[in-house]
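The values are calculated or read from the model by the stated rules, or taken from the named source; none is laboratory data. As the structure is a computational prediction, the values presented were derived from the model and not from experiment. Positions of Cβ are backbone-derived with ideal geometry, glycine not excepted, and every protein chain shown enters the neighbour counts.
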Amino acid sequence: MRHRPLHAALAAFAEEASWQLSTDTEEGAEVDFELVESRSRRRDTPLYCYQPLTAAFIRDRVGVLGRLPSYPAVARGQRARRRRRLPARAGRAARAGRAA
């Protein structure tokens, strides 16, 4: 079953985060990139591709994203989801330990 409150919280957070990251770039923050070389079918001509380093850009802004108004609801939803899963996992682990 889908966890609707968590889904709604994640959707709200994703929207706020996208607005925040867009604002950061409008204010001059840059997404670094690397130039990646790949070979074409004709091996004599290399192709170059710009690969944005979005993970580093987001990682540098985790603190800002964690202060967005929608973040606490996401954190609560994730914790609640994990708590509901833990008893089932603990039971399986105990049964596996007895079987060994």
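What to note about this one:
- Sole residue being at pLDDT 80 or above and among the polar types (S, T, N, Q), chosen from Thr25, Thr45: Thr25
- Pro46, sole failed condition from (1) closer than 26 Å to Pro72 by Cα; (2) in contact with a Lys or Arg (Cβ under 8 Å, 6 or more places away or on another chain); (3) not hydrophobic (A, V, I, L, M, F, W, C): (1)
- Yes/no for Leu53 being surrounded by 10 or more Cβ atoms within 10 Å (Cβ to Cβ) and touching a residue at least 24 places away in the same chain (Cβ under 8 Å): no
- Selection status of Ser18, more than 21 Å from Pro69 (Cα to Cα) and of a type in the set (S, T, N, Q): no
- Per-region count, the range 1-29, residues in contact (Cβ under 8 Å) with a residue 24 or more places away in the chain, of a type in the set (A, V, I, L, M, F, W, C) and part of a loop (DSSP other than H, G, I, E, B): 1
- Subset tally (residues that are closer than 14 Å to Ala12 by Cβ and loosely packed, with under 11 Cβ neighbours inside 10 Å) for the range 56-72: 1
- Gly66 being at positive phi and among the small types (Gly, Ala, Ser): no
- Output for the range 30-42, where each listed residue is in a loop (DSSP other than H, G, I, E, B) and within 14 Å of Ala55 (Cα to Cα): Glu30, Val31, Asp32
- Qualifying residue in the range 2-23 (condition: exposed (fewer than 11 other Cβ atoms within 10 Å of the Cβ), within 27 Å of Arg85 (Cα to Cα) and of a type in the set (A, V, I, L, M, F, W, C)): no
- The one condition in (1) of a type in the set (A, V, I, L, M); (2) surrounded by 12 or more Cβ atoms within 10 Å (Cβ to Cβ); (3) within 19 Å of the chain's Cα centre (by Cα) that Ala29 fails to fulfil: (3)
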